Amino acid sequence: MNQYQIAVIVGSLRRDSMNRKFADALIRLAPAEFSFKQLDIGTLPLYNQDNEANPMEAVRQLKDDIKAAQGVLFVTPEYNRSIPGVLKNAIDHASRPYGQSAWAGKPAGVIGVSPGAIGSALAQQHLRNILAYLNMPTLGQPEAFVQAKEGLYDDAGNIGEASKKFLQGWMGRYVDWVKQHAA
Ligand code: FNR
């Protein structure tokens with residue numbers, strides 16, 4: 001089992017992040033042959049091109065974890081109608097040095113939660129732009145703009161009945177996408 005390892009990147013460092021809680025519940029909908037590792041982007045330094053030749057351990061670890069994965073799952077909030085700076089910082093780190101990006105070719109899924117009605121849609125769209133440049137085949141449909149509201153989870157913190165069918169379907173498409181694109 002666990003044939004496929006997925007690197008999970010949550011675009012929030014907040015202790016009680018709704019996106020991290022959502023990521024934890026979402027990955028429980030995946031089949032047993034998939035395992036998920038949430039990568040730590042909170043200890044990364046601010047990206048500085050001067051340090052590319054001699055990166056800090058946290059940067060090396062991030063790149064190693066992405067390279068070892070068969071796919072990447074981005075779960076991100078929206079900040080000011082785009083992605084949070086901490087997420088862009090992580091993306092930039094792992095994209096360098098030029099020609100040595102860890103992202104290239106890795107199949108990706110993009111999803112996010114927001115208290116707002118359009119549930120991270122614009123952040124996701126900006127992220128898709130970046131991932132296209134990084135040559136990451138990214139699941140196009142179904143899109144999932146999840147609004148954090150009553151009933152999203154059950155009492156055990158799993159995805160609740162109201163959203164389960166849709167998100168189970170999303171996960172099914174995502175795992176098929178990874179299988180299709182994983183080398
Ligand atoms: C937000 N929030 C937000 N929400 C949204 O739907 N669209 C937006 O553009 C923004 N902009 C924004 C900017 C900044 C700086 C903050 C701190 C917040 C609200 C955001 O969705 C909410 O704080 C979520 O709880 C953030 O996700 P986590 O940290 O709970 O995962």
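The values are calculated or read from the model by the stated rules, or taken from the named source; none is laboratory data. Model, not experiment: these values are computed from the prediction. Ideal geometry is used to build each Cβ from the backbone, glycine not excepted, and the neighbour counts take in all protein chains shown. Keep in mind that these areas ignore ligands, DNA and RNA; they rest on the heavy atoms of the full protein, side chains included. Shrake-Rupley method; radii C 1.70, N 1.55, O 1.52, S 1.80 Å.
Could you pull out which residues in the stretch 14-31 have an amide N less than 17 Å from a spot 7 Å beyond the Cα of Asn158, following the Cα-Cβ vector?
22-31
Could you work out the local net charge near Thr76, counting Lys and Arg as +1, Asp and Glu as -1, over the other residues with Cβ closer than 14 Å to its Cβ?
+4
Angle between the Cα long axis of helix 161-181 and the longest principal axis of the chain, 0 to 90 degrees, nearest 10?
Taking the Cα atoms of the chain, the angle to 161-181 is about 40 degrees.
How large a share of the accessible area of the stretch 82-177, in percent, is made up of carbon and sulfur atoms when the probe is 1.4 Å and the other protein chains stay in place?
The computed percentage sits at 52.
Give me the angle, in degrees from 0 to 90, between the Cα long axis of helix 18-27 and the longest principal axis of the Cα atoms of the chain, rounded to the nearest 10.
Helix 18-27 sits roughly 80 degrees off the main axis of the chain.
From largest accessible area down, sort Lys149, Lys21, Lys37; use a 1.4 Å probe on the protein chains.
Correct descending sequence by accessible area is Lys149, Lys21, Lys37.
With r as the distance between the Cβ atoms of Arg28 and Asp176 and R0 = 25 Å, compute the FRET efficiency 1/(1 + (r/R0)^6) and round to 0.05.
Computed FRET efficiency for Asp176 and Arg28 comes out at 0.90.
With +1 on each Lys and Arg Cβ and -1 on each Asp and Glu Cβ, how big is the dipole of the stretch 4-181 about its Cα centre, in debye rounded to the nearest 20?
So the dipole magnitude of the stretch 4-181 works out to roughly 220 debye.
Where in the stretch 98-132 does the label zone of Ser82 land, with the point 7 angstrom along Cα→C-beta and an amide N cut-off under 14 Å?
Only 122-131 fall inside the zone, counting backbone N under 14 Å.
Using alpha-carbon positions, what is the distance between the centroids of the stretch 104-183 and the stretch 44-75, in Å?
22 Å
Determine the order of His126, His93, His181 by accessible area, beginning with the largest, at a probe radius of 1.4 Å.
Ranking His126, His93, His181 by accessible area, largest first, yields His126, His181, His93.
Say we join alpha carbon atoms closer than 10 Å with springs in a Gaussian network model of the chain; which of Ser163, Ser120, Ser35 then has the biggest fluctuation?
Ser163
Any aspartates and glutamates with Cα under 16 Å of the Lys179 Cα? List them, leaving off those in the same chain fewer than 8 positions away.
List returned: Glu33.
Tell me, what is the 1.4 Å probe accessible area of Glu161, in Å² to the nearest 10?
Its accessible surface works out to 150 Å², give or take rounding.
Taking Cα pairs under 8 Å and at least six residues apart, what relative contact order does the stretch 72-183 come out at, in percent?
The value is 27 percent.
Gain in length, Lys149 to Gln49, computed as 0.36 nm per residue apart minus the alpha-carbon separation, to one decimal in nm?
31.9 nm
Please give the per residue accessible area of the chain, computed with a probe of 1.4 Å over protein heavy atoms only, in Å².
About 51 Å² of surface per residue is accessible.
Report the Rg/Rh value for the chain, based on alpha-carbon coordinates and the Kirkwood definition of Rh.
Rg divided by Rh gives 0.95.
Looking only at the chain, where both bridge partners belong to it, what percent of the DSSP beta bridges are antiparallel (to the nearest 5)?
Bridges in the chain are about 10 percent antiparallel.
Hey, in the GNM for the chain with a 10 angstrom Cα cutoff, which one of Asn89, Asn54, Asn135 fluctuates hardest?
Answer for the Gaussian network model of the chain: Asn54.
Only residues of the stretch 46-85 count here: report those whose backbone N is under 16 Å from the spot 7 Å along Cα→Cβ of Gln100, or say none.
48-68
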